[in-house]
Amino acid sequence: MALRAKPAISWLVAIAVMAALPHWLNAYWLHILATSWYYAILAVSWALLAGFAGQFSFAHMAFAAIGGYTSGLLAVDLHLPVPLGILCGVASAALVGAAIGWLCLRLRGPYLSLFTLAFALILQLIIIAEYQFTRGSLGLSVPGLFGGNSDLPYYYAGFVLVLASLAIMGALLRSRVGLFLRALREDEDAAEASAIDTSYYRILVFTITSAFAGLAGGYYGHYVGILSPNIVTIPEMGLVVAMAVVGGIENLPGAAIGAIFVFVASEALRSGGQLRFVALGLVIMLTQRFAQNGLVVLAAARLARATRRRAPSPKTATG
Amino acid sequence: MLLSAESVTKRFGGIRAVDDLTLTVEKGELVGLIGPNGSGKTTLINLMSGALVPDGGHVRIDGISMSGKAPHVFARSGVGRTFQIPRLFRRMSVLENLITPALALKRTYSRVEAEHKAHQVLAFLRLTHVAALEARALSGGQQKLLELGRALMLEPRLLLLDEPFAGVHPKLLDQVAERIEELSRTGYAIVLVDHNLDAVRGLVRRLVVMARGRTIADGAPDEVLRSVDVIEAYTGR
Ligand SMILES: Nc1ncnc2c1ncn2[C@@H]1O[C@H](COP(=O)(O)OP(=O)(O)OP(=O)(O)O)[C@@H](O)[C@H]1O
Ligand SMILES: [Mg+2]
């Protein structure tokens with residue numbers, strides 16, 4: 001009973017703290033956190049795709065762009081209500097995600113990575129080239145999700161989206177589909193021999209994670225009010241990969257915390273100029289070398305051990 | 001007739017790994033499949049389980065052509081297989097390795113039911129004590145057994161076992177042979193690939209010998225082993 005209640009309590013505490021946090025934040029840090037929700041959704045969905053299903057795609061930012069631009073263009077050109085536009089963005093990202101998943105069916109490992117990277121670069125070029133629709137590198141101004149100038153509603157809306165993403169993708173992983181995706185990652189031929197329709201699940205995981213990337217893109221566009229092809233750059237993709245790796249690529253809440261931590265840290269170190277990227281690179285290398293499950297997972301394990309030691313129960317005293 | 005390969009051919013570049021070969025497996029039959037290195041045994045197993053698509057000929061299950069069907073369809077039609085080099089879900093627990101095929105096979109199966117069945121298979125294979133370990137932590141012989149268990153979770157009618165004795169400790173060898181014998185007695189059809197003539201001949205009632213992609217002998221073990229062709233294939237003339 002007590003053991004089962006523990007995660008629930010830590011979740012409640014974390015949610016309560018994040019909900020109360022804006023009281024102590026100035027406008028700048030509120031903005032930083034509200035932006036970090038975008039990265040959190042991306043890191044969580046990429047962790048599902050790469051960490052659990054083993055599909056190391058570099059097209060994730062492209063799906064964020066598809067979601068963002070679809071929603072933005074629908075709002076600008078057709079004056080569609082923003083929430084409806086975001087839904088359309090999610091749907092189109094899912095659709096293109098399914099197509100990319102299908103095209104990648106026969107590609108494994110580095111070939112899939114290269115294919116998806118090429119797709120992302122092509123999409124970036126298209127956004128730049130199709131100036132009359134997308135405003136190219138100048139950026140597309142899109143209306144906000146909420147009226148007014150406050151970031152507060154975005155902070156809460158984004159936070160709810162992060163929690164919803166974690167809940168939905170977490171539930172998926174706990175279902176039998178989670179087992180099939182991990183089996184797919186471990187060995188596709190063995191998965192097929194075990195009656196798993198690997199083509200179906202590969203397309204499924206691309207569809208679902210692309211949908212969430214599209215959701216992140218929609219939120220981001222209508223929050224910052226401007227979309228540019230810079231969303232799809234390699235450094236942006238690298239940042240999301242770094243966030244997931246630092247947090248824990250096989251742990252969805254870990255990836256979310258990693259994203260928030262890395263983004264906040266990189267802003268806090270802004271005065272350090274380019275050196276902060278060197279620091280980030282070092283952190284990633286050290287994580288890969290010494291804590292492959294991610295720093296957040298490592299920290300959580302340490303914390304659990306420390307609290308157990310302080311209050312030894314007869315069962316764990318031997319450990 | 002449970003499964004039949006009819007004039008199947010598989011080419012890799014210039015070589016015919018399997019060459020116009022016909023083989024039929026009846027319900028409940030235990031067939032030994034032997035042949036020198038590179039004679040096409042593994043390729044034949046891959047053809048019969050859908051992992052490879054034949055360049056010519058057909059594979060039928062219950063008389064129905066499986067042309068163009070993915071391996072998971074073969075698995076759902078009752079064909080379970082192991083690999084020559086074990087291919088487990090290495091970073092999943094032993095128990096998860098077992099429940100995965102059961103849950104993939106039947107949407108109606110609950111996790112509890114699958115785990116119940118997995119524990120029966122673990123007991124049968126004497127692996128209960130490692131149920132919670134990651135598969136990659138098992139010894140080579142235990143991995144072979146777990147792979148057999150994973151195939152059993154499909155409740156197959158036909159088991160294709162590619163060298164189940166390879167790399168297994170002599171002490172465990174008898175145990176593996178015993179398990180296979182027991183499965184055969186309970187009605188599984190089994191195709192058993194092996195190099196080790198002595199291990200196979202005592203176990204099976206039908207022995208098929210392959211050389212250069214073809215079957216060169218097929219019949220009762222003693223009869224087959226006396227035939228000249230077989231000795232030639234093994235000694236390389
Ligand atoms: N994927 C492949 N690509 C190219 N050639 C292959 C492939 N698989 C098998 N071959 C070739 O086909 C022939 C038959 O190989 P196969 O693995 O079926 O033999 P085998 O009877 O299982 O041998 P062993 O007893 O060594 O396991 C060999 O010449 C091998 O080199
Ligand atoms: Mg072989």
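Here are B:I61, B:I15, B:I34: which of them is within 14 Å of ligand 1 (Cβ to nearest atom), modelled with pLDDT under 95 and over 21 Å from B:A199 (Cβ atoms)?
B:I15
Does B:R126 satisfy the criteria of being surrounded by fewer than 16 Cβ atoms within 10 Å (Cβ to Cβ), more than 16 Å from ligand 1 (Cβ to nearest atom), assigned to a loop (DSSP other than H, G, I, E, B) and of a type in the set (D, E, K, R)?
In short, yes.
In the range B:37-48, how many residues are within 22 Å of B:I61 (Cβ to Cβ) and within 11 Å of ligand 1 (Cβ to nearest atom)?
Residues that pass the stated criteria total 8.
Go over the candidates B:L161, B:L146 one by one and state the one that is in contact with a helix residue (DSSP H, G or I) (Cβ under 8 Å, 6 or more places away or on another chain), in a helix (DSSP H, G or I) and crowded, with 20+ Cβ neighbours inside 10 Å.
Answer to the check: B:L146.
Among the listed residues A:L204, A:L152, A:L163, A:L215, which satisfies the condition of being out of contact with any His (no Cβ under 8 Å at 6 or more places or on another chain), under 27 Å from A:A255 (Cα atoms), within 14 Å of another protein chain (Cβ to nearest Cβ) and not polar (S, T, N, Q)?
Result of the check over A:L204, A:L152, A:L163, A:L215: A:L204.
Among the candidates A:G273, A:G225, which residue alone is surrounded by fewer than 16 Cβ atoms within 10 Å (Cβ to Cβ) and modelled with pLDDT of 90 or more?
On inspection, the qualifying residue turns out to be A:G225.
Look at A:Q132 and say whether it is without any contact (Cβ under 8 Å) to a residue 12 or more places away in the chain, more than 23 Å from A:I32 (Cβ to Cβ) and either more than 19 Å from the chain's Cα centre (by Cα) or buried (at least 17 other Cβ atoms within 10 Å of the Cβ) (or both).
yes
Testing B:V204 on (1) buried (at least 22 other Cβ atoms within 10 Å of the Cβ); (2) more than 14 Å from every other protein chain (Cβ to nearest Cβ); (3) within 16 Å of ligand 1 (Cβ to nearest atom), one condition comes back false. Which one is that?
(3)
Just checking, which of A:A265, A:A304 is more than 30 Å from A:V142 (Cα to Cα), of a type outside the set (K, R) and surrounded by fewer than 23 Cβ atoms within 10 Å (Cβ to Cβ)?
None of the other options fit; the residue is A:A304.
State yes or no: is A:N230 farther than 30 Å from B:L148 by Cβ and within 14 Å of another protein chain (Cβ to nearest Cβ)?
For A:N230, the condition - farther than 30 Å from B:L148 by Cβ and within 14 Å of another protein chain (Cβ to nearest Cβ) - is not met.
Only one of these is among the aliphatic types (A, V, I, L, M), under 30 Å from A:H23 (Cβ atoms) and assigned to a loop (DSSP other than H, G, I, E, B): A:L166, A:L161, A:L145, A:L105. Name it.
A:L145
Of the conditions (1) touching a Phe, Trp or Tyr at 6+ places or on another chain (Cβ under 9 Å); (2) within 14 Å of chain B (Cβ to nearest Cβ), A:E188 satisfies every one except a single condition; which number is it?
Of everything listed in (1) touching a Phe, Trp or Tyr at 6+ places or on another chain (Cβ under 9 Å); (2) within 14 Å of chain B (Cβ to nearest Cβ), A:E188 misses just condition (1).
Does A:V278 satisfy the condition of being at pLDDT 75 or above, over 30 Å from A:F133 (Cα atoms) and buried (at least 18 other Cβ atoms within 10 Å of the Cβ)?
When the stated conditions are applied, A:V278 does not pass them.
So which helices (runs of 4 or more DSSP H) stay within the range A:1-78 end to end and still have 2 or more residues that are farther than 21 Å from A:L173 by Cα and under 14 Å from the mean Cα position of the chain (by Cα)?
It comes to A:27-46, A:60-78.
Wholly within the range B:1-111, which helices (runs of 4 or more DSSP H) include no fewer than the required count, namely at least 3 residues that are among the β-branched types (V, I, T), more than 16 Å from ligand 2 (Cβ to nearest atom) and more than 14 Å from every other protein chain (Cβ to nearest Cβ)?
none
The values are calculated or read from the model by the stated rules, or taken from the named source; none is laboratory data. This is a predicted model, so every value here is computed, not measured. In this analysis, Cβ positions are derived from the backbone assuming ideal geometry, glycine residues included, and neighbour counts consider all displayed protein chains.
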